[in-house]
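Here the structure is laid out as C-alpha cells; the discussion comes afterwards.
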C-alpha cells in the first residue's frame, strides 16, 4: 500500500503528539510542527521512526504566514505529497474575565488559533485538490467544546476562536467536497493536557470533572483516536462533521 503523509501542527505534546504516534502505528508517515518544545518534538520523531515510518519535525510559528509557507515548501521537497492535515496548533492564555482581556492577547489568540489554521488549510487544499493534480485528502481541525459553551469568566477569546474554527470547517467542507477533500472538526472537552497549566491552573481537570457526565477528564489518546479515524478511509463519507469528544458535556 502506498504510504500516506499527514501534517500535524503542534505535534510535540498532548493531543498532537498522541495523534502523531497513533497515525504512525496506523501506517502514516508524519510531519509535526513545534514552536518551543524542540526536545519533545525530536523525541516524537524518533519514536515514529522506530515504528518504521518516515517522520520530520519542523519549527514553525503558525502566527507567521512566511513560516507556514516555508513549512509546505519543506513538505514538497522532502515528501512530494500531502494526504492529510491536522490543524492542531493553538494557544490558550491565563484565565481572565472578559473586560480584562487586552487587545494584544485577543490578537495573539486569533492569529494562532484562526489565521494560522486558515493559512495551513489553504496550503493543504492547494496540494490536495483534484483540479490541481492532487489526489484529494482530509483535513481535521481542532476546535473545542468551548465553542458552544463560551467559557465565561475563563477565556471567552479562546472559545470565540474555536467558534471560528467550527465555521471554517462547515464552509470549507462544502467548498472542496468535489475536489476529493473532506473537512471535519474534533471538539475536545475537558482533557488532561498541559494547556491547563498554560492557563494558570494545572489542577483544572480535577476541579471541573464533576461537571462532566462521565465524571472524569479525557485523555489525549482518546481525542487522537477520533482524529486519526477521521483522516482515514474508514471515515470516507464523513464531511463537515463537528465531533464532540467531551464525555457527554
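Computed quantities for the displayed model
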item	result
Pairwise FRET efficiency - residue 206 versus residue 98, Cβ, R0 = 25 Å, nearest 0.05	0.50
0 to 90° range, to nearest 10: angle between helix 220-231 axis and the chain longest Cα axis	40 degrees
Pairwise FRET efficiency - residue 108 versus residue 194, Cβ, R0 = 25 Å, nearest 0.05	0.90
Length gained when the stretch residue 66-residue 79 is fully extended (0.36 nm per residue, less Cα-Cα span)	2.7 nm
Cα principal axis extents for the chain, largest first, Å	48, 37, 34
The range 173-214 versus the range 128-143: alpha-carbon centroid distance in Å	22 Å
Among 185, 23, 235: highest mean-square fluctuation, GNM of the chain, C-alpha pairs under 10 Å	235
Of 21, 82, 51, the one that fluctuates the most in a GNM where the chain has Cα springs shorter than 10 Å	51
Burial order of peptide ranges 163-170, 9-16 (average beta-carbon count within 10 Å, highest first)	9-16, 163-170
Length released on extending from residue 46 to residue 225, taking residue separation times 0.36 nm less the Cα-Cα span	62.4 nm
Value of [θ]222 nm, deg cm²/dmol, for the chain, DSSP H segments ≥ 4, -39500 (n - 2.57) each, nearest 500	-12500 deg cm²/dmol
Kirkwood Rh and Cα Rg combined as Rg over Rh, evaluated for the range 16-132	1.02
Contact order relative to length of the range 4-243, as percent, for alpha carbon pairs under 8 angstrom and 6 or more apart	19 percent
Ordering of 56-66, 205-215, 112-122 by burial proxy (mean other Cβ atoms within 10 Å per residue, highest first)	112-122, 56-66, 205-215
Degrees between helix 156-175 axis and first principal axis of the chain (Cα, 0 to 90, nearest 10)	30 degrees
Rounded tilt (10° steps) of 116-128 against the dominant C-alpha axis of the chain	20 degrees
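The numbers here are math on the coordinates, done by the rules we state, and not lab data. Fair warning: this is a prediction, and the values are worked out from it, not measured in the lab. Here Cβ is always computed from backbone atoms with ideal geometry, including for glycine, and neighbour counts include all displayed protein chains.
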